[in-house]
Amino acid sequence: MVINGEAPIAGSEFAEANLRRLIAYTRDADLSNRDWATFHLANTGIDTLEVRAALHARLLDEHPAVQEEAMLGLAQRHDRSALPLLQVWLQSRPISQDILEAAGAFADQSLCALLCLRRPSTGNEFLSFLWNEAYSSCECGASS
């Protein structure tokens, strides 16, 4: 119900209980539950210590997709404590939608050199578009 927008997660005591349930699902033993819960939590726009802590915990998840969804959520909240890990991922992981969107959300010039090293192949227009967005957001062309 939360994912379908049928149950609120902010604005009332009932909603806050739903948010706590969503956060709990980010720790679920079932990967599919952790995955959807992390994705939804990352995209709620709610920025509390509890939400950030849950997203940070998922950076250590066993599944890369869950990790990357958590990173994107932290980047959207401009949580700079996650930036060093994104820098590592830009050096060591295959480029993905979430990694490029996180780089764009951080909009930090420290990512420019790493982005230049990891430009997607010309055959993937969507990733190329996201790479260009991240490169622009980080103001890489403005570097002296």
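The values are calculated or read from the model by the stated rules, or taken from the named source; none is laboratory data. Small disclaimer: the values here were computed from a predicted structure and weren't measured. Cβ: placed from backbone, ideal geometry, glycine included. Neighbour counts: every protein chain shown. In case anyone asks, the SASA skips ligands and DNA or RNA and just uses the protein heavy atoms, side chains included. Shrake-Rupley method; radii C 1.70, N 1.55, O 1.52, S 1.80 Å.
A142 - would you say it is open to solvent by 60 Å² or more (accessible area, probe 1.4 Å) and either at pLDDT below 95 or on the phi < 0 side of the Ramachandran plot (or both)?
Numbers: open to solvent by 60 Å² or more (accessible area, probe 1.4 Å): yes; either at pLDDT below 95 or on the phi < 0 side of the Ramachandran plot (or both): yes.
Spelling it out, A142 is indeed open to solvent by 60 Å² or more (accessible area, probe 1.4 Å) and either at pLDDT below 95 or on the phi < 0 side of the Ramachandran plot (or both).
Selection over segment 102-121 of residues that are open to solvent by 20 Å² or more (accessible area, probe 1.4 Å) and hydrophobic (A, V, I, L, M, F, W, C) gives a count of 6. Look at segment 106-134: where a residue is under 11 Å from L90 (Cβ atoms) and a partner is small (G, A, S) and open to solvent by less than 30 Å² (accessible area, probe 1.4 Å), sitting 6+ places away or on another chain with Cβ atoms under 7 Å, you get F106/A75; L111/A103; L115/A103; L115/A134; A134/A103; A134/G104.
Within segment 13-25, residues that are at pLDDT 80 or above have Cβ atoms under 6 Å from residues that are open to solvent by 20 Å² or more (accessible area, probe 1.4 Å) and of a type outside the set (S, T, Y) in these pairs: N18/V2; N18/I9; L19/I9; L22/V2; Y25/N33, counting only partners at least 6 apart in sequence or on another chain. For segment 122-137, a residue qualifies if it is under 12 Å from Q97 (Cβ atoms), open to solvent by 50 Å² or more (accessible area, probe 1.4 Å) and either among the basic types (K, R) or not in a loop (DSSP other than H, G, I, E, B) (or both), and the qualifying residues are F126, F129, E133. Kindly establish whether Q67 is modelled with pLDDT of 95 or more, under 30 Å from A24 (Cα atoms), open to solvent by 60 Å² or more (accessible area, probe 1.4 Å) and touching a helix residue (DSSP H, G or I) at 6+ places or on another chain (Cβ under 8 Å). Here the answer is no, as Q67 does not meet what is asked. Go through segment 88-98 and report how many residues are surrounded by fewer than 19 Cβ atoms within 10 Å (Cβ to Cβ) and touching an Asp or Glu at 6+ places or on another chain (Cβ under 9 Å). Summing the residues that are surrounded by fewer than 19 Cβ atoms within 10 Å (Cβ to Cβ) and touching an Asp or Glu at 6+ places or on another chain (Cβ under 9 Å) in segment 88-98 gives 3. Yes or no: P84 outside any helix (DSSP H, G or I), under 30 Å from S136 (Cβ atoms) and out of contact with any Gly (no Cβ under 7 Å at 6 or more places or on another chain)? So P84 fails the test. Among residues of segment 91-113 being over 19 Å from Q76 (Cβ atoms) and part of a helix (DSSP H, G or I), the one that is farthest from the chain's Cα centre (by Cα) is A113. Being under 24 Å from E16 (Cβ atoms) and out of contact with any His (no Cβ under 7 Å at 6 or more places or on another chain) is true of L55.
Comparison of V88, V51, V66 shows that the only residue that is β-branched (V, I, T) and free of Cβ contacts under 8 Å to residues at least 24 places away in the same chain is V88.
Applying the criterion of being open to solvent by 40 Å² or more (accessible area, probe 1.4 Å) and in contact with a Ser or Thr (Cβ under 8 Å, 6 or more places away or on another chain) to the residues of segment 29-63, the residue that is farthest from Q87 (Cα to Cα) is A57.
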